[in-house]
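Novice: So that we are looking at the same thing, I have put the structure below in structure tokens.
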Amino acid sequence: EIYATVKKGEEVLVLGASSASDALLDFFSDWEKRVTAKGIVIRIIFSDKKTEQIEQCKQNKFNVRVLPEEYMNPTEVNVYGNKVAFAVFAGDASTSYIIKNKRIAESFRHFFEMQWKIAKTV
């Protein structure tokens, strides 16, 4: 959905990329290449334990910062346009959903910016 709706030069904010998503590394590798080729701007806050994926994202010219793993949870939040996409990584109970609401997207954008300020640059 993100790839299909976000246009070249637009930004996607990713918060909470934790070790819970390790089972989907192949999917994320493909996704990263596709959004890079399309010219989508990505700012992402990772768990500091995600070293392999951090390096891969840096090679794709993503803006990457890290927080300690204990700040993470099994839910990744993606903010783009007037939407917030949630990916909950919980084994067999994993799920994802999207909320389309400008006010909610703005509140998550604000939360992301607060986290971005305290996250470490890698």
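The values are calculated or read from the model by the stated rules, or taken from the named source; none is laboratory data. Owing to the predicted nature of the structure, the values given are computational and were not obtained by experimental measurement. Ideal geometry is used to build each Cβ from the backbone, glycine not excepted, and the neighbour counts take in all protein chains shown. These accessible areas exclude ligands, DNA and RNA; they are computed on the full protein's heavy atoms, side chains included. Shrake-Rupley method; radii C 1.70, N 1.55, O 1.52, S 1.80 Å.
Novice: Could you check the range 69-116 and list, in sequence order, the residues that are within 17 Å of V6 (Cβ to Cβ), in a helix (DSSP H, G or I) and aromatic (F, W, Y)?
Specialist: F108, F112
Novice: A follow-up question, please. Could you say which residue among A85, A93, A37 is open to solvent by less than 40 Å² (accessible area, probe 1.4 Å) and small (G, A, S)? Quick ask: steps written out before the conclusion?
Specialist: Working: A93 fails: open to solvent by less than 40 Å² (accessible area, probe 1.4 Å); A37 fails: open to solvent by less than 40 Å² (accessible area, probe 1.4 Å).
Step by step, each of A85, A93, A37 is checked, and only A85 is open to solvent by less than 40 Å² (accessible area, probe 1.4 Å) and small (G, A, S).
Novice: Any idea which of (1) of a type in the set (F, W, Y); (2) open to solvent by 50 Å² or more (accessible area, probe 1.4 Å); (3) in contact with a Pro (Cβ under 8 Å, 6 or more places away or on another chain) is the one F27 doesn't satisfy?
Specialist: (3)
Novice: Which count do you get for residues in the range 111-122 that are surrounded by fewer than 11 Cβ atoms within 10 Å (Cβ to Cβ) and either more than 22 Å from P74 (Cβ to Cβ) or among the small types (G, A, S) (or both)?
Specialist: 2
Novice: While we're here: Specify the residue that is modelled with the lowest pLDDT; the eligible residues are those in the range 1-24 that are in a loop (DSSP other than H, G, I, E, B) and open to solvent by 40 Å² or more (accessible area, probe 1.4 Å). Break it down stepwise before answering.
Specialist: Taking the range 1-24 as the starting set, the residues that turn out to be in a loop (DSSP other than H, G, I, E, B) are 1, 6-10, 18.
Next, only the ones that are open to solvent by 40 Å² or more (accessible area, probe 1.4 Å) stay: 1, 7-10.
Details: E1: 88, K7: 96, K8: 96, G9: 96, E10: 97.
The extreme case among them is E1.
Novice: Next question. Are there any pairs with C-beta distances below 7 angstrom linking a residue in the range 59-87 that is of a type in the set (A, V, I, L, M, F, W, C) to a residue that is in a loop (DSSP other than H, G, I, E, B) and modelled with pLDDT under 90, with the two at least 6 apart or on different chains, and if so which?
Specialist: V64/V122; V66/D48; V66/V122; L67/D48; M72/S18; A85/E1
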